[in-house]
Amino acid sequence: NEKLRPSIDESKEELARLNAQLSTDEDSVALTSAIKRQEFYQWLSDSFDEALSEYRESARKSVEARATEAFLAIFPDSKRYKKIVISDDWEMELILQSGKPKTVENPGHKQTIAVSLFDGLRHTSKHRFPSFFDNPGSNVSDETKELMTAYFLEIEENQTILLSHSGGLKQEETIESFGDRFAKAWRLYYAEEDDYTLVEQIL
């Protein structure tokens, strides 16, 4: 113990010296200022995290509601379904009227849900930009295809551009059913041997 005494005494002296340095008025002001800055930055960080969390939740609910609205309008057998649910980590489930989740395996169903989610994201973003649909309805029934086309052509929030080819919308039937809602329509010809494309306005 006697051997440790000098080390303990030296430590006490060092501690007393450090405490004396921290107890000056100047150091007290600097320490208080540093603590306040730290508390302020922590408050800013917490406020930002809270606001971001509230925004994400609001956006999630908006996308969920709009996607459900779109799906129920587009899908012919929509009476079987209650809503589209989006979880906190943005995983999607299709809910039956019974309240049970539906496993979606049919490609046409998947396409309809994907289009509905896209509309929910587009609407929630509040960005007004043209929506491009490449070959809309290529994997769905003719009835779903017609309902999908009618739904998007009714939207006035932004411009909708449909790019249809094999398996998608049929020109004659689409023009006959929705010609009064199109601003313009063109037919593109792809030359097999020559490196050019012909464009013909049909509406």
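The values are calculated or read from the model by the stated rules, or taken from the named source; none is laboratory data. For clarity, every value in this text was computed on a predicted model and none was experimentally measured. When we count neighbours, we look across all protein chains shown, and the Cβ atoms used for this are built from the backbone with ideal geometry, even at glycine. Accessible surface areas use protein heavy atoms only, side chains included; no ligands, DNA or RNA. Shrake-Rupley method; radii C 1.70, N 1.55, O 1.52, S 1.80 Å.
Scan the range 59-109 residue by residue and report those that are in contact with a Lys or Arg (Cβ under 7 Å, 6 or more places away or on another chain) and either at pLDDT 95 or above or of a type in the set (S, T, N, Q) (or both).
Hits for the range 59-109 are Thr68, Gln97.
Pairs, please: C-beta under 9 Å, at least 6 apart or cross-chain, first residue at pLDDT below 80 and in a loop (DSSP other than H, G, I, E, B) and in the range 177-198, second open to solvent by less than 100 Å² (accessible area, probe 1.4 Å) and among the polar types (S, T, N, Q)?
Correct list of pairs: Ala191/Thr197.
Taking the condition of being among the charged types (D, E, K, R) and modelled with pLDDT of 75 or more, how many residues in the range 23-46 meet it?
Adding up the residues that qualify gives 4.
Checking Glu105 against (1) farther than 30 Å from Gln201 by Cβ; (2) acidic (Asp, Glu); (3) open to solvent by less than 20 Å² (accessible area, probe 1.4 Å): exactly one of these is not met. Which one?
That leaves (3) as the condition not met.
So that you can scan it fast, the table gives a plain yes or no per residue for (1) touching a helix residue (DSSP H, G or I) at 6+ places or on another chain (Cβ under 8 Å); (2) part of a helix (DSSP H, G or I):
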site	(1), (2)
Glu54	no, yes
Ala59	yes, yes
Ala65	yes, yes
Lys82	no, no
Glu105	no, no
Lys110	no, yes
